[in-house]
Amino acid sequence: MSIEDISKFPITATAPEGFEHEPDATRDYWHHQPLNTLPPYDYIAPYARHKTLPTPGIKKRKAWIIGGGIGGLAAAFYLIRDAHMPAANITILEEMDIEGGSMDGAGNPEDGYIIRGGREMNWNYDTLWDLFQDIPAVELPDGYSVLDEYRLINDNDPNYSKARLMHKCGELLDANDFGLSKSQQWELIRLILKRKETLDDISIEEYFSTGFLRTNFWFLFRSMFAFKNCHSLLETKLYLHRFLDAIDGFGDMSALVFPKYNQYDTFIKPLTNFLREKGVVFKFNTCIHDLDIKFSGEKKVVTAIHGVVTIKKGKEDEKEDLRIDVEAEDLVLALTGSMTEHTAYGDMDTIPKLACDKHDPGENSGWSLWKNLAQKSPVFGKPEKFYGDVDKSIWESATLTFKPSPLIDKIKTLSVNDPYSGRTVTGGIITFTDSNWLMSVTCNRQPHFPDQPDDTLVLWVYGLLMDKQGNCVPKTMSQCTGKEILAELCYHLGISDQLEAVIANTKIRLALMPYITAQFMTRAAGDRPHPVPEGCTNLGLIGQFVETRNDIIFTMEASIRTARIGVYKLLNIPKQVPDINPTQYDIRHMLKGARALNNGKPFIGERLLHRLLDKTYFAHVLPPLPETEDSKQTRFEEEMHELLGKGNAAIQTLGDWITRLRESFSNRDDR
């Protein structure tokens, strides 16, 4: 049967004029109406998994993808799956000699492993799971996907933490008590209610009170997502919306799901294998620094790609200029900026040394392409807003590879399972709230690398603040060797007296990253380009420095989303990229989030809601009340007095009315 046989009316392979490839769920009120064939803007379900017809002429078109990180790999995937482009027509140009970009995972037990960062995932990263449910699993038989593998691990090994916050050299804090006063809770609520356009170029510390920035909530939030107080308030707001459903899991990390292995082996390797098997071409050691663009009125067409290829020849590297001519019908999808550009490395006895200026990353860097594009047109944004102040965007991580020692003994006491069991260990980061570096440490499921020996564990440590001396070591973290960072870690864990035994059984590799949170810098509308900048006909931009409707950054989801939007929009595929999961609008998440923000106690008005709903079909949406059945009436009356004022004659009348109403819900004879 051909396409023509499906229906008696025309079915097009491209989207009609005015089609929104990147719908905005906050734009207006969605409702059913005649001629509306599309689901709500943030609709996530199998109905959104439909396959479209091949884009006309796609077999003759080429795609050049600049950047081999998760965004570039995702672009290749969507070109193949949804645009039906032949894989052999797709070329990925990567600056390094390996794919993955910032999502690395390397090393060996002899020299030590290294991961510059890790992945905190949740179940509603819908674009990410849309991709990885179509990528063959790493270890399961044919027919299973990476998503299947992920679910099997996490469904059978729940993630949670019993030691999320610590201070005073090993003393645990109650992380489920956010420590927010009523006025501090209102600071958060007011931010959630504010419109995005009112928050341009405002920092976190300009909005929140000093007291708020010292609460357990803020320690949980900023260490989990790597926010500094000088970072963007707008991005903080977006995170609050994105993770509204997870707030009640912040204290014990139960809102998160983690991979079995590190980020490279879990995600990058299987996706790259899939693309290679399909026929995608990879060209490494290729740094792209500029594009030729033909301007015709508002129309912008890429005509050529310029870069430098590094050729490895013994001890000497040779550089060759590269020019690739681009036809008007071909596509270019390019990474803007780089979080891990100019990473400086160190080890047990070596201090990382930055090789970049604090206000400019220099020529032929991972920022050069975006810098050059921005000089051509304002539609490409303002990269200097993000790379221009390294002191605000820098932090350092350390990867520890170690054998049995007092450090393992200490980690065992802080873990929910034995570190050697293969199950969840610390359940996420342990943050030292009195650390001058705001240091955190985590032990994920072990082994963290497929070739990791049975007696070896891998820990990851990071410090968010680089401008203060340590509590134990009188240096900033960036001035320290690996041995000194170990000393600071052991101090906060309360095992300083066993430091030498820890050092003797540990290898440590350091990564000092000047731009690791550059995406969090304060920004305004227009500072970041859109996935397809205005007027561009064959150029899409991908990565952490690209503007989306409502999503956050510093996630795999963000990179994949920008790639998907770019592919759909440039080829006018009649398919939408749904806005972020609508959990933020679910009354259940609002209610349990309000309870969590009130330090786990019923919020004002919650008992009234219980009195109204606890005999109805909707009783389950409310968090259970902490008091006994006998005391509920008394606590309800106390709440009514607080709400309406003591001595108000209406309280008794209201209470009687609610009682009669509740009884009517459970009366079988009442129709």
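Brief remarks on what is shown
- Number of positions in the stretch 467-485 that are over 18 Å from T431 (Cβ atoms), in a helix (DSSP H, G or I) and open to solvent by less than 40 Å² (accessible area, probe 1.4 Å): 2
- Residue in the stretch 192-205 that is under 30 Å from D418 (Cβ atoms), buried (at least 18 other Cβ atoms within 10 Å of the Cβ) and hydroxyl-bearing (S, T, Y) present: no
- Tally, over the stretch 256-292, of residues that are over 27 Å from P450 (Cβ atoms) and open to solvent by less than 30 Å² (accessible area, probe 1.4 Å): 4
- Candidate set: the stretch 104-118, residues that are open to solvent by 40 Å² or more (accessible area, probe 1.4 Å) and assigned to a loop (DSSP other than H, G, I, E, B); chosen: the one farthest from L457 (Cα to Cα): G118
- Residue count, the stretch 40-89 (criterion: outside any helix (DSSP H, G or I) and among the small types (G, A, S)): 7
- Complete set of residues in the stretch 138-178 that are open to solvent by less than 60 Å² (accessible area, probe 1.4 Å), of a type in the set (A, V, I, L, M, F, W, C) and under 23 Å from P419 (Cβ atoms): I153, A163, L165, M166, C169, L173, A175
- Residue in the stretch 270-288 that is among the charged types (D, E, K, R) and outside any helix (DSSP H, G or I) present: yes
- Number of positions in the stretch 119-137 that are in a loop (DSSP other than H, G, I, E, B), open to solvent by 20 Å² or more (accessible area, probe 1.4 Å) and of a type outside the set (A, V, I, L, M, F, W, C): 4
Listed here are the residues, each with its yes/no results for (1) open to solvent by less than 10 Å² (accessible area, probe 1.4 Å); (2) touching a helix residue (DSSP H, G or I) at 6+ places or on another chain (Cβ under 7 Å).
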{"position": "V441", "(1), (2)": "yes, yes"}
{"position": "D454", "(1), (2)": "no, no"}
{"position": "L489", "(1), (2)": "yes, no"}
{"position": "A504", "(1), (2)": "no, no"}
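- Yes/no for F267 being in a loop (DSSP other than H, G, I, E, B) and hydrophobic (A, V, I, L, M, F, W, C): no
- Top-ranked residue in the stretch 377-406 [being open to solvent by 10 Å² or more (accessible area, probe 1.4 Å) and assigned to a helix (DSSP H, G or I); ranked as nearest to N262 (Cα to Cα)]: P406
- Qualifying residue in the stretch 311-325 (condition: touching a helix residue (DSSP H, G or I) at 6+ places or on another chain (Cβ under 9 Å), part of a loop (DSSP other than H, G, I, E, B) and open to solvent by 20 Å² or more (accessible area, probe 1.4 Å)): no
- Residue list for the stretch 500-532, restricted to those being over 28 Å from D467 (Cβ atoms), part of a loop (DSSP other than H, G, I, E, B) and over 20 Å from the mean Cα position of the chain (by Cα): N505, A525, G526, V532
The values are calculated or read from the model by the stated rules, or taken from the named source; none is laboratory data. Bear in mind that the values here come from a model prediction, so they are computed numbers and not experimental data. All Cβ positions, even for glycine, are placed from backbone atoms using ideal geometry, and neighbour counts span all protein chains on display. For the accessible areas, the whole protein counts, side chains as well, though only heavy atoms, and no ligand, DNA or RNA atoms are used. Shrake-Rupley method; radii C 1.70, N 1.55, O 1.52, S 1.80 Å.
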